[in-house]
Amino acid sequence: MIRHRFGRRALLAAAGSSVALPWLEAFAQKTGGVTTPQRLFIIVTPNGYLRDRWLPPQGSVSTSLDAVGPTMQPVDIYRGHLTIVDGLENRAASAASSIQGPAAERSMATLLTGTALAPGATAGTPSGGSVSLDQLVAQVGGMPALVLGAGTNGVSPALATPSYTGAAMAAQPVTDLTDTVARLFAAGGSAPRNEALVRQRLAKASLDATVKNLRFLQTRVGTDDARRLDQHTDSVRELAARITARSPVCTAPAAGPTPDPRHLFEAGRTAMDLAVAAFACDRARVATLVYEGADGNAIIGGVARGHHDLAVAAATDAGARTSLAAIETMFMGELAYLLNALGTRAEGARSLLDNTLVLWCSDVSSTSPVSWKNMPCLLAGRAGGALQPGRLLRGTSSWNQLLTSVAVMFGAGKQVGDPVFGSGPLPGL
């Protein structure tokens with residue numbers, strides 16, 4: 001057999017990799033870029049939060065988030081992924097002179113719509129006045145939004161959901177997830193549409209072909225060139241392994257019975273697991289999870305009194321305040337569970353958390369008295385690069401401006417809700 005001696009360029013060209021390898025190496029170090037889908041996960045808990053417990057300590061005036069409040073200690077490990085916004089008012093709910101209806105219904109119906117109640121709304125009926133933020137963002141991705149509930153069984157739509165597909169068209173939270181799992185992860189269903197995953201598979205296929213070409217060339221060249229090709233083959237295989245290792249894993253959540261709705265956090269984690277799996281497999285890009293519903297009075301963490309009862313009593317009862325603070329810390333522990341689930345899912349060189357925006361909030365800022373000023377607002381993640389986290393934003397702004405900012409990040413429009421209650425995006429976000 002005649003053996004030839006080739007230069008490096010000729011060898012790589014013959015292997016079909018002289019152009020592909022630099023691009024593939026760069027690909028292995030980056031995410032799918034703008035093709036990686038953004039995800040939005042909204043979490044709503046009831047009864048407000050003790051503002052002095054969830055905000056950073058008094059005296060922290062830095063715009064960088066260098067500390068978190070006592071309630072938020074469970075998510076302190078993710079501080080670099082967090083953005084705290086203080087000073088927001090849900091004016092669509094607080095403008096009582098222009099809105100009729102019980103406070104709890106106004107709270108939930110205006111939270112993600114930013115509009116007055118639908119005309120003719122009566123107590124206990126769906127009353128949102130327009131399409132909600134989660135539904136708007138879902139339209140951009142072309143996939144239905146997941147609306148999930150933990151402890152919302154039997155709660156009327158006006159209290160159980162902030163999600164509306166249109167005026168007076170409530171999207172009731174799903175609590176029994178069996179059918180939802182079957183629909184999203186049906187055997188033989190459509191393949192994931194995550195373009196970043198597709199590109200990873202194409203890159204891997206290209207590298208596998210390159211290895212075959214290099215092995216073939218080794219039988220046609222001299223000893224020195226064969227050794228050089230062998231070293232190059234090892235490099236290609238290493239690169240292929242790195243790409244494969246970072247490929248998103250698309251698996252359905254573990255099958256099992258729907259948790260007892262009385263076990264609030266177990267039900268919440270089951271819903272979170274479903275949403276994270278749907279995000280990773282690109283079966284959904286938007287999810288809203290509601291705990292309890294407005295005025296929720298669940299018994300949580302062995303505390304003897306209900307959540308809403310404690311929130312009402314906390315203004316004058318030190319013991320109730322202590323118990324309420326403990327419950328709020330438990331909720332932050334559940335948020336930490338979600339952030340960990342997103343943060344440990346790889347997407348290229350990034351994580352699923354990097355490509356997601358988590359909006360954690362409550363339907364009110366306080367329950368006694370009922371108020372919509374200084375609404376608790378915590379953002380986590382980078383929304384695919386649209387948000388720079390690790391910051392604390394203070395000021396007096398409208399909740400609608402926050403909703404609008406999120407919509408702009410996801411290409412879902414330039415105004416959410418009635419501009420009378422706040423127009424344009426949130427300054428500085």
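The values are calculated or read from the model by the stated rules, or taken from the named source; none is laboratory data. Source: prediction; values computed, not measured. FYI the Cβ positions are ideal-geometry reconstructions off the backbone, even for glycines, and counts take in every protein chain you see. Just the protein is used for accessible areas: all its heavy atoms, side chains included, with ligands, DNA and RNA removed. Shrake-Rupley method; radii C 1.70, N 1.55, O 1.52, S 1.80 Å.
Give all pairs with beta carbons closer than 9 Å in which a residue from the stretch 161-175 that is small (Gly, Ala, Ser) meets a residue that is open to solvent by 50 Å² or more (accessible area, probe 1.4 Å) and assigned to a strand (DSSP E or B); count only pairs at least 6 apart in sequence or on separate chains. Close Cβ pairs (under 9 Å, with a partner that is open to solvent by 50 Å² or more (accessible area, probe 1.4 Å) and assigned to a strand (DSSP E or B)) amount to Ala171/Thr165.
The number of residues in the stretch 364-402 being among the hydrophobic types (A, V, I, L, M, F, W, C) and assigned to a strand (DSSP E or B) comes to 7. Here Arg394 fulfils each of the conditions (1) farther than 22 Å from Val68 by Cα; (2) over 15 Å from the mean Cα position of the chain (by Cα); (3) open to solvent by 20 Å² or more (accessible area, probe 1.4 Å) apart from (1). The criterion of being buried (at least 21 other Cβ atoms within 10 Å of the Cβ) and assigned to a strand (DSSP E or B) does not hold for Ser405. What are the residues in the stretch 299-313 that are at pLDDT below 95 and either under 12 Å from the mean Cα position of the chain (by Cα) or open to solvent by 10 Å² or more (accessible area, probe 1.4 Å) (or both), if any? Result: Ile299, Gly301, Gly302, Val303, Ala304, Arg305. May I ask you to list the residues in the stretch 114-159 that are open to solvent by less than 10 Å² (accessible area, probe 1.4 Å), within 25 Å of Arg91 (Cα to Cα), in contact with a helix residue (DSSP H, G or I) (Cβ under 6 Å, 6 or more places away or on another chain) and assigned to a loop (DSSP other than H, G, I, E, B)? Listed by number, the residues that qualify are Gly114, Ser127, Gly128.
Just one of the listed residues (Arg345, Arg283) is modelled with pLDDT under 95, open to solvent by 40 Å² or more (accessible area, probe 1.4 Å), closer than 21 Å to Thr180 by Cα and touching a Pro at 6+ places or on another chain (Cβ under 9 Å), namely Arg283. Does the stretch 317-336 contain any residue that is among the hydroxyl-bearing types (Ser, Thr, Tyr), closer than 18 Å to Pro70 by Cα and out of contact with any helix residue (DSSP H, G or I) (no Cβ under 6 Å at 6 or more places or on another chain)? Scanning the stretch 317-336 turns up at least one residue that is among the hydroxyl-bearing types (Ser, Thr, Tyr), closer than 18 Å to Pro70 by Cα and out of contact with any helix residue (DSSP H, G or I) (no Cβ under 6 Å at 6 or more places or on another chain). Does the stretch 88-106 hold any residues that are open to solvent by less than 20 Å² (accessible area, probe 1.4 Å) and at pLDDT 95 or above, and which are they? Selection gives Leu88, Asn90.
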